């Protein structure tokens, strides 16, 4: 080898290693999986405890689902805040790209009996481990559903009329 990039005879472009997936790609794949299963979600949902869920949605039964997306091993291993999400959902999933090592999620520190695992790329996703149902209290679920609905309506209105949301004092 002379240090030059490898290219095939049929392609003038050098062959490159596959690019790492971004969190947005993983979110899109999970969103598509959820949509097929009548779970509708929003990205980047602020929670009342100051945290922000990567994806938060509601299934056909009115249950609240949160997905925490990790695309790098260091981010997965260094995240100590994820248990703070469990008080705001009935089901919790980890969302990962296909190449990320999932073995840490099998340790008790990541509560494998409670937390599900979804592997996704920018086109689709698959649930590798279902999330256990840990029902919220009815009052908490009602509050979460209303909170999510208001965020969705605010975001929709921003698409229709950006000036209307600029006048919104609730951000």
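Note on the range 99-137: residues that are under 14 Å from residue 72 (Cα atoms), surrounded by fewer than 19 Cβ atoms within 10 Å (Cβ to Cβ) and without any contact (Cβ under 8 Å) to a residue 40 or more places away in the chain amount to 4.
Set side by side, the residues 71, 45 differ, and just one is touching a residue at least 60 places away in the same chain (Cβ under 8 Å), within 15 Å of the chain's Cα centre (by Cα) and under 27 Å from residue 155 (Cα atoms), which is 45.
When the residues of the range 48-65 are filtered to those that are within 26 Å of residue 35 (Cα to Cα) and loosely packed, with under 14 Cβ neighbours inside 10 Å, the one that is modelled with the lowest pLDDT is 48.
Listed here are the residues, each with its yes/no results for (1) buried (at least 20 other Cβ atoms within 10 Å of the Cβ); (2) modelled with pLDDT of 95 or more.
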site: 14; (1), (2): no, no
site: 19; (1), (2): no, no
site: 33; (1), (2): no, yes
site: 36; (1), (2): no, yes
site: 67; (1), (2): yes, yes
site: 79; (1), (2): no, no
site: 92; (1), (2): yes, yes
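The values are calculated or read from the model by the stated rules, or taken from the named source; none is laboratory data. Small disclaimer: the values here were computed from a predicted structure and weren't measured. All Cβ positions, glycine included, derive from the backbone under ideal geometry; neighbour counts span all protein chains shown.
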